[in-house]
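Below you'll find the structure, written out as structure tokens, and then a few comments.
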Amino acid sequence: MSPVQGADIAATWTATTLPGGPFLSRRGPDLWLEEVRLADLAKEFGTPLYVYSRSAMRAAAAEYQQALANRPHLLCYAMKANSSLAVIKTFADMGLGFDIVSGGELARVIAAGGDPAKVVFSGVGKSRIEMAEALKAGVKCFNVESESELLTLSAVSSSLGQTAAVSLRVNPDVDAKTHPYISTGLKGNKFGVAHERARAAYALAARLPGIRVVGIDCHIGSQITEVAPYLDALERLLDLVEQVEADGALIHHIDLGGGLGITYTDEQPPAAGMLIAQLLARIEARGHGHRELLMEPGRSLVGNAGVMLTEVLVLKPSPEKNFCIVDAAMNDLIRPAMYQAWMGIVPCSQRFGEAMTWDVVGPVCESGDWLGRDRALTLKIGDMLAVLSAGAYGMTMASNYNTRPRAAEVMVDGDQATLIRRRETVQELFCNDILPA
Ligand code: LLP
């Protein structure tokens, strides 16, 4: 690529389209999130740094809410995507409920001021302690994934003198056409009760003293970019609703899970409003319009609301490969290493000069520690880069591998930037270690 000069400069700057727009924008050479320049945040708070746009999160949730407005519904944010208290509070303030998968996530909802009565508890392996905690907190329902779990939950709730509200997570055996690690609705997956076992499982639930059936649910996978798999799963779920109600069960709500994809590069997932309109049309056509509809979106509410900022530490060109070593690594953002996920990487402040092709990698001692491969960038040591679409499954999947403290997090709202999680200290990483005498 040749250097861009003079009048071409402005054209080049504005030509880039960024996932996360309109909240993420390039103004002149600089990348801005809402009304805050990201390079300034990197300087103020250090790197690696996660930065989220509150307005982007609110806009994404509002789109779901508007599409569901005229019918009984509950939007349960799948907080595994991003469970920072400030994020939870943002959604709780909008009236959202939460999809949780652990006692830890329930504790976060409560700490952030969320309403446990709007919580659905998913997950293929809940412990007795987690079940008891959720019952005491008064969650809306348990999304139960096996007959074995039904028996345990009934025993736990009976011992507390309660009945547990239950929705059975059915595995509809549809192909979500996504990465195998995040596809969950096929027969070979560990998730849910097999479609053909569902009637028997509802019959068992009806016999158990500690169980009260309230719904049905499914979740077929994540980063889904087509409507068809949702419609297939919905049809199969509605077939089951009709069968189990004929058997005597009462299905109050239908929960279609999460999974709607976002644009990382050139994906074109349906807009949430469009997806919901098609689902509702099907639900109404089949005479199920009176039921409460639940959805559990995670990524589509937060993914493109966030970026991760990282500083260029080392430039290592060679005849085979040019390595750009940055201060964020697979422990901070594991999606590229784990799913070969492509995430945009752009400079916080563009430079002019010849671009070279770089592998952007972290300092962790693994060849799999990379954030992006073969990226055309014009770089100098000390430059700040932004990894885009990092608001979902970024910080929540971070670890302390290589004794690396986890990143700090900042929330932007208009021209205000607030630290919402301070950077971990090294001392905190081994404060629970015990040196034998
Ligand atoms: N409901 C259930 C039961 C789930 O298991 C999940 C995600 C969701 C809702 C939310 O799905 P979403 O709307 O975010 O697609 N770490 C992977 C994604 C794992 C998704 C796990 N389950 C990634 O970074 O791509």
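What follows is calculated from the coordinates using simple rules that are stated; it is not laboratory data. Keep in mind that what you see is a predicted model, and the values were worked out from it rather than measured. Backbone-built Cβ (ideal geometry, glycine too); neighbour counts: all protein chains shown.
Approximating the spin labels as points 7 Å out from Cα along Cα→Cβ, the Glu35-to-Asp415 distance works out to 0.5 nm. For a straight C-alpha distance cut-off of 24 angstrom, the lysines reachable from Lys136 (same-chain residues fewer than eight places away being disregarded) are Lys80, Lys89, Lys118, Lys126.
Each peptide in 48-59, 87-98 was scored by the mean count of other Cβ atoms within 10 Å over its residues; highest first, the order is 48-59, 87-98.
At full extension, Lys380 and Lys321 could sit 19.6 nm farther apart than now, given 0.36 nm per residue minus the alpha carbon distance.
A Cβ-based charge dipole, computed about the Cα centre of region 189-249 with Lys and Arg at +1 and Asp and Glu at -1, lands at about 400 debye. Taking a point 7 Å from the Cα of Gln65 along the Cα-to-Cβ direction, the residues of region 248-291 with backbone N closer than 17 Å to it are 272-273. Taking the number of Cβ atoms within 10 Å of each Cβ as an exposure proxy, the fewest-first ranking of Met295, Met384, Met274, Met395 is Met274, Met384, Met395, Met295. From the alpha carbon centroid of region 147-178 to that of region 118-137 is 10 Å. Full extension of the chain between Glu226 and Ser25 gives 69.7 nm of extra length, using 0.36 nm per residue less the Cα-Cα distance.
In degrees between 0 and 90, to the nearest 10, how far off the longest principal axis of the chain does helix 228-246 point, with axes built from Cα atoms? For helix 228-246, the angle is close to 20 degrees. Calculated on C-alpha atoms, the gyration radius of region 123-295 divided by its Kirkwood radius gives an Rg/Rh of 0.98.
With the simple spin-label model, which puts each label point 7 Å out from Cα in the Cβ direction, the Arg282 to Ala117 separation comes to 3.2 nm. Which of Ser167, Ser349, Ser158 moves most in a GNM of the chain, Cα contacts under 10 Å? Answer for the Gaussian network model of the chain: Ser158. Restriction of the chymotrypsin sites (Phe, Trp or Tyr not before Pro) in region 328-368 to DSSP coil positions whose beta-carbon has at most 10 other beta-carbons within 10 angstrom yields no sites. From the largest down, the chain spans 73, 65, 42 angstrom on the principal axes of its Cα atoms. Each residue of region 136-177 gets 78 Å³ once the volume of the Cα convex hull is shared out per residue. Computed log10 I(q)/I(0) for region 172-249 at 0.17, 0.23 Å⁻¹: -0.68, -1.04, from the Debye equation with unit scatterers placed on every C-alpha and solvent omitted. Given +1 at the Cβ of Lys and Arg, -1 at the Cβ of Asp and Glu and no other charges, the dipole of the chain around its Cα centre is 480 debye to the nearest 20.
Here r is the Cβ-Cβ distance between Met94 and Thr357 and R0 is 30 Å; the resulting FRET efficiency, rounded to 0.05, is 0.10. Across the chain, C-alpha contacts under 8 Å between residues 6 or more apart give a mean separation that, scaled by the residue count, equals a relative contact order of 20 percent.
Around the amide H of Tyr393, modelled in the peptide plane, lie the amide H atoms of Asn82, all under 5 Å away and 5 or more residues distant in sequence or on another chain.
As a test, work out the antiparallel percent of DSSP beta bridges whose residues both lie in the chain, rounded to the nearest 5. Here the share of antiparallel DSSP bridges comes out near 45 percent.
Taking all Cα pairs closer than 8 Å and separated by 6 or more residues, the relative contact order of region 123-295 comes to 20 percent.
For the chain, the longest principal axis of the C-alpha atoms and the axis of helix 128-137 are separated by about 80°. If you bin all the Cα-Cα distances of region 296-429 at 10 Å, starting from zero, the percentages per bin are 12, 42, 34, 11, 1. Here the simple spin-label model places points 7 Å from the Cα toward Cβ, and for Thr163 and Arg373 these points are separated by 5.5 nm. Sorting the segments 420-430, 22-32 by their residues' average number of neighbouring beta-carbon atoms within 10 angstrom, most packed first, yields 22-32, 420-430. Here the extension length gained between Arg199 and Gln243 equals 15.1 nm, from 0.36 nm per residue of separation less the Cα-Cα distance.
Under a Gaussian network description of the chain, with springs only between Cα atoms under 10 Å, the residue in Ser222, Ser318, Ser157 that fluctuates furthest is Ser318. Expressed to the nearest 5 percent, the antiparallel share of DSSP beta bridges inside region 123-295 is 5 percent.
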